[in-house]
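Inspection log for the structure reproduced underneath, given as structure tokens.
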Amino acid sequence: MSTSADTPSGRELIAAFLQHSPLSQLLGVEAVELGDDRAVLRLPFRHELTTVGDVVHGGAIGALADTAAVAAAWAFDSPPRKPAGATVSLNVDYLRAASAVDLLATGSVTHRAGRTCFCDVLVRPADEPDGAPVARATAVYRFA
């Protein structure tokens, strides 16, 4: 909910961003949940996102993890000082192959320090939301 009709919250900005971002649209990323300092995004399986056979490409998984971290960083109710920022660093560990499955990335904020936000992300098969992760990532995001 916005604090005024003209100033959207961080959560409203990231929801709109996810719907209109050219990369999110190309990948097919969908917001499942945007909570306090938390975001769950879905990457629907498509053959265009594979590397060999039906294995989802690591670049698609990395882009999903980055987007989930950014969404978690923006998942707050107050209006931002400036509606801009960028990922400063992203580290992705690939733990097992994801074959012919939709993926869920759960991003969560672990620490906020001024304009800098630290996030963790777990990527799992959507049909195993509590199962072993496909990838894990850490990201640092900086607001403008």
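Of the residues examined, R124 is not one that is in a strand (DSSP E or B), touching a residue at least 24 places away in the same chain (Cβ under 8 Å) and more than 14 Å from G59 (Cα to Cα). Total residues in segment 91-124 satisfying the condition of being aromatic (F, W, Y) and touching a Cys at 6+ places or on another chain (Cβ under 8 Å): the figure is 0. Since S108 meets every condition but one in (1) at pLDDT 95 or above; (2) surrounded by 16 or more Cβ atoms within 10 Å (Cβ to Cβ); (3) in a loop (DSSP other than H, G, I, E, B); (4) not hydrophobic (A, V, I, L, M, F, W, C), which condition does it not meet? Unmet condition: (3). Within segment 57-97, the set of residues being among the β-branched types (V, I, T) and either in a loop (DSSP other than H, G, I, E, B) or in contact with a Lys or Arg (Cβ under 6 Å, 6 or more places away or on another chain) (or both) comprises V88 only. Among the residues making up segment 111-144, those that are aliphatic (A, V, I, L, M) and surrounded by 13 or more Cβ atoms within 10 Å (Cβ to Cβ) are V121, L122, V123, A126, V134, A135, A137, A139, V140. With respect to V55, determine if the residue is free of Cβ contacts under 8 Å to residues at least 40 places away in the same chain and closer than 24 Å to E128 by Cα. Judged against the criteria, V55 is not a match.
Is it the case, given these coordinates, that L90 is touching a residue at least 40 places away in the same chain (Cβ under 8 Å), over 12 Å from the mean Cα position of the chain (by Cα) and more than 14 Å from V29 (Cβ to Cβ)? In short, no.
Residues in segment 75-100 that are closer than 21 Å to T138 by Cβ and among the polar types (S, T, N, Q): 3 in all. Among the residues of segment 14-56, not one is part of a helix (DSSP H, G or I), over 12 Å from the mean Cα position of the chain (by Cα) and closer than 18 Å to V109 by Cα.
For the condition under 30 Å from V52 (Cα atoms), surrounded by fewer than 17 Cβ atoms within 10 Å (Cβ to Cβ) and of a type in the set (G, A, S), A100 qualifies.
The values are calculated or read from the model by the stated rules, or taken from the named source; none is laboratory data. Every value quoted in this text rests on a predicted model; they were computed, and no experiment measured them. Neighbour counts are summed over all protein chains in view; Cβ atoms, including those assigned to glycine, are modelled from backbone coordinates with ideal geometry.
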